[in-house]
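Bear in mind that the values in this text are calculations on the coordinates, not laboratory data. Every value quoted in this text rests on a predicted model; they were computed, and no experiment measured them. Cβ sites come from the backbone with ideal geometry, for glycine too, and all protein chains shown count toward neighbours.
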Amino acid sequence: MKRFISIALISIMILSALAFTACGGGGSGSSDADLSDSKYVGTWKAQSVNVGDDSEELEDKYLLIINADGTGTMTGDDGLNEFTWTPIDGGFKTKGDMKVTFKDDGDNIKARIFIVDLVFVKQ
């Protein structure tokens, strides 16, 4: 029970951190971007939160939508967060309402915040 409560609190902190990592500009799009060939374009669902050897499944309410024009949104408990994204070696990074680096993990993508991994699977 303690493990579940700890992981639940950590997942809430992560999602809150995503919402509060606002960057001073943007979120309004990257105009000329054409990222339609990127494997990251699409809808991703937050599947689990991992802390060390502990893992906990997450509910379906956390969705990450990556658009081919370089924009995206994340929906969750705190509402809708808009961002722009740029591919990097081995993943992509976002800026705007949500500033996070996502790493490619084969079929999944991971956002690492401190020692916590938030794992997303493509829908």
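So which lysines pass the test for Lys99, namely a Cα distance under 27 Å, with those fewer than 8 places away in the same chain ruled out? Excluding near neighbours in sequence, the set is Lys39, Lys45, Lys61, Lys110, Lys122.
Here Ile113, Ile66, Ile88 are placed in order of increasing Cβ neighbour count within 10 Å, fewest first, which gives Ile88, Ile113, Ile66. For region 61-123, the ratio of Cα radius of gyration to the globular rule of thumb 2.2 N^0.38 Å stands at 1.04.
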